[in-house]
1. State all residues of the stretch 1-19 that are in a loop (DSSP other than H, G, I, E, B) and under 11 Å from the mean Cα position of the chain (by Cα); if no residue qualifies, say none.
2. Within the stretch 20-43, is there a residue that is touching a strand residue (DSSP E or B) at 6+ places or on another chain (Cβ under 7 Å) and part of a loop (DSSP other than H, G, I, E, B)?
3. Quick one: count up the residues across the stretch 11-26 that are within 19 Å of residue 46 (Cα to Cα) and surrounded by fewer than 20 Cβ atoms within 10 Å (Cβ to Cβ).
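Derivation of every value follows stated rules applied to the coordinates shown; laboratory data play no part. These figures come from a predicted structure and were not determined experimentally. Note: ideal-geometry Cβ built from the backbone for every residue, glycine included; neighbour counts use all protein chains shown.
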């Protein structure tokens, strides 16, 4: 993920690059904002999605509560 993907991201607002069709943080076709939506459980084992989500959490100063979890 590039830093442009995180531009505009706050605890309450999505990144500027996000839109209704794609979350700029994860590339998924749904919002994955750390403070409002989170990740779908089926994507917890996807390293690209997890990396983007982890970067987003760090950018706004929140813990990634999904770290260490996998889909069972």
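1. Answer for the stretch 1-19, where residues must be in a loop (DSSP other than H, G, I, E, B) and under 11 Å from the mean Cα position of the chain (by Cα): 1, 9, 14, 15, 18.
2. Checked the stretch 20-43: at least one residue is touching a strand residue (DSSP E or B) at 6+ places or on another chain (Cβ under 7 Å) and part of a loop (DSSP other than H, G, I, E, B).
3. Within the stretch 11-26, residues that are within 19 Å of residue 46 (Cα to Cα) and surrounded by fewer than 20 Cβ atoms within 10 Å (Cβ to Cβ) number 1.
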